[in-house]
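Below you'll find the structure, written out as structure tokens, and then a few comments.
Since every read-out is calculated from the coordinates, none of them should be taken as a lab result. Since this is a predicted model, take the numbers as computed values, not measurements. Note: ideal-geometry Cβ built from the backbone for every residue, glycine included; neighbour counts use all protein chains shown.
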Amino acid sequence: MAPEIKYTKLFIDNEWMDAKSGKTFETYNPHDGSVIARVAEGDKEDIDLAVAAAKRAFHRNSEWRQMDASKRGEILRKFSDLVERDQTYLAELESYNNGMVLNNAQAFMNSAKGTIRYFAACADKVTGETIPADGEVFSYTLRQPVGVCALILPWNGPVFVFLNKVCTALAAGCTVVVKPAEQTPLTALVLAALLAEAGLPKGVVNVVNGFGPGAGTSLTHHKDVAKVSFTGSVEVGKLIQQASGASNLKRVTLELGGKSPLIIMDDADLNVAVPYAAHAVFSHQGQMCIAASRLFVQSSIYDKFVEAAVKYAKTIKVGNPTDPTTQNGPQIDETMMKKVLGYIEKGKQEGAKLLCGGHRIGTSGYYIQPAVFADVTDNMTIAKEEIFGPVQSILKFDTIDEAIDRANATNFGLAAGIFTSNLNNALQFSKHVEAGIVWVNTYLHFTPQQPFGGFKESGIGRENGLDSVLAYTEVKTVAVSLPKKV
Ligand code: NAD
């Protein structure tokens, strides 16, 4: 049975409201393309209202700013209990609106409590320092919340990215306006309702659905927004940097795309490496920024590995995300499905060998059979551009030095992985690969304690870890003149 749609309006100042224009837009179920609901479409006027609400909530005399940091942590802990209470519903809604396999959505919801509680515990750990300054002064630093933050979300992990960004900002004491992706507007509204139920004062978290040009640009150009944290494409990330420069130099954190290399050395345990390499690129239908979309396999084991990879890919069951035996669901929408199929065509045209999959399944919904390409070379489009679909591209290399150089020959630098039983190879690769996170004999291993983000065009700044909370603060130095040094 389809999950109930409880909220479709904008959430501003802890109230549900229609867009000022009265406009709405449709949101879909990627399983069959059917319309789930019509959702209020926010634009500049609504963003102005939401930012004004967040600014009031950030006033020095507001309930939020006067609240003890530990109480902010308590509200987040209460929120984690409510998310746990409603986790089945949230997983169903995420799967329904995003096409995420229900089993995966449930597994994620099982870990959500830990993520929220991590940031809850950070709330009263943000401290300044005393400074041994020259002269007759007592000097110290304060770490203060930066102000109103715009949090702009992608469609591929709506609950995951919402929780990460919102909880980090709240732990630091900021107030926020969230702009979910237009493809997946629903779960953010449920989470906003749970934050209000947990006792968050009005105006601290506001959610305005809408499109990039419109709601998104109004936020990134807004003079009262002090910071924007964005997860999405490199192309839009660059526009956000420009908007910052053109408006008020708002602080910018960017989590962008990737073309992540995974290296398989000939001393790796193939029984482990083959399934890991498949999960690393096929999970969530390949719609992961950290997808291992360049798989480098050492030449001495190349043919054997390719054979095993094809055998494995053929076992992946693609189908309705609510079926508990399904491993891969649909792509998010028709546009993305066509884009991925276009890349697969391009791969064939440029001479890569398609060994399995790569075609649309059926005519309803946006399903693609996982594809494995062999004989991929560095100059091919499928080895250079982010595909964001279930496409495994297998390249051949001879030495670890060559693998490192080729892994780094890209403008991206998000994630990287290596499977090897040689410690020296693992450590050499980990040191020299240009990536924000490196996995050795594993992949896709995230926790809220581990900083996450990209080198090069994969982003600016890090999420997760205590440092990510500090990125929502400003450092203020205070110097107090004293007659005698203390
Ligand atoms: P996108 O860049 O098209 O959209 C992301 C968000 O930006 C949406 O909310 C959209 O409405 C908004 N937006 C679009 N144009 C805008 C503008 N001009 N100004 C302000 N906001 C605007 O990305 P997407 O297709 O939703 O997500 C997929 C991309 O996200 C992939 O490239 C993927 O790698 C990346 N991603 C990165 C991470 C990470 O942590 N590094 C995580 C998930 C996804």
*Round to a whole angstrom and tell me the spacing of the C-alpha centers of the range 394-447 and the range 48-68.*
45 Å
*So what's the net charge close to residue 176: Lys and Arg +1, Asp and Glu -1, counting the other residues with Cβ under 12 Å from its Cβ?*
+4
*Using a Förster distance of 22 Å, the FRET efficiency for residue 68-residue 241 (Cβ separation, nearest 0.05)*: 0.05
*Using only alpha carbon pairs under 8 Å that are at least six residues apart, calculate the relative contact order of the chain and give it in whole percent.*
18 percent
*Between the range 154-214 and the range 452-469, how many Å separate their Cα centres?*
19 Å
_√(5λ) per eigenvalue of the Cα gyration tensor, the range 1-122, largest first, Å_ = 29, 25, 9
*Calculated from DSSP H runs of 4 or more alone, at -39500 (n - 2.57) each and per residue, what is the 222 nm mean residue ellipticity of the chain, nearest 500?*
-11500 deg cm²/dmol
*Normalised by the residues of the range 104-239, what does the relative contact order come to in percent, with Cα pairs under 8 Å and at least six apart?*
26 percent
*Length gained when the stretch residue 466-residue 20 is fully extended (0.36 nm per residue, less Cα-Cα span)*: 156.7 nm
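What does the extension gain come out to for residue 317 and residue 272, with contour length at 0.36 nm per residue minus their alpha carbon separation?
14.2 nm
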*Determine ³J(HN,Hα), in whole Hz, for all residues of the range 462-478 in sequence, where each value follows from phi through the Karplus function 6.51 cos²θ - 1.76 cosθ + 1.60 and θ = phi - 60°; x replaces Gly and Pro.*
10, 10, 6, x, 4, 4, 5, 5, 4, 5, 9, 10, 10, 8, 10, 9, 10
_Centroid-to-centroid separation of the range 88-151 and the range 315-387 [C-alpha atoms, Å]_ = 34 Å
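Taking every DSSP beta bridge that has both residues in the range 261-448, what percent is antiparallel when rounded to the nearest 5?
20 percent
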_Just to be sure I understand the model, the point goes 7 Å from the Cα along the line to the Cβ. What's the resulting residue 56 to residue 38 distance in nm?_
2.9 nm
*For the range 345-356, take each phi angle, set θ = phi - 60°, evaluate the Karplus expression 6.51 cos²θ - 1.76 cosθ + 1.60, and give the result in whole Hz per residue in order, putting x for glycine and proline.*
4, 4, x, 5, 4, 7, x, 6, 9, 7, 9, 6
_Residue among 215, 91, 341 farthest towards the positive dipole end of the chain, charges placed on Cβ_ = 215
*Would you mind checking 71/476; 44/339; 6/55; 6/338 for any pair whose Cα atoms are more than 25 angstrom apart?*
44/339; 6/55; 6/338
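Packing-wise, with mean Cβ within 10 Å as the measure, how do 238-250, 148-160, 289-301 rank, highest first?
Per-residue mean Cβ counts within 10 Å order the peptides as 148-160, 289-301, 238-250.
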*Compute the length gained on full extension between residue 478 and residue 359: take 0.36 nm times their separation in residues and subtract their Cα-Cα distance, giving the result in nm to one decimal.*
36.6 nm
*Residue-wise, which Karplus ³J(HN,Hα) couplings in Hz belong to the range 181-189, taking 6.51 cos²θ - 1.76 cosθ + 1.60, θ = phi - 60°, and x for glycine or proline?*
5, 5, 6, 9, x, 8, 5, 4, 5
*For the range 218-350, what's the radius of gyration and Dmax over Cα atoms, in angstrom?*
19.5, 58
*Distance cut-off 21 Å, percentage of C-alpha pairs in the range 261-448 lying past it*: 46 percent
*For the range 410-486, convex hull volume per residue from C-alpha positions, Å³*: 166 Å³
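At 4 °C and 1.567 mPa s, grab the translational diffusion coefficient of the chain from Stokes-Einstein with a Kirkwood Rh over Cα pairs, rounded to a whole number in µm² per second.
55 µm²/s
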*Using R₀ = 22 Å, calculate the FRET efficiency as 1/(1 + (r/R₀)^6) where r is the Cβ-Cβ separation of residue 349 and residue 369; round to 0.05.*
0.70
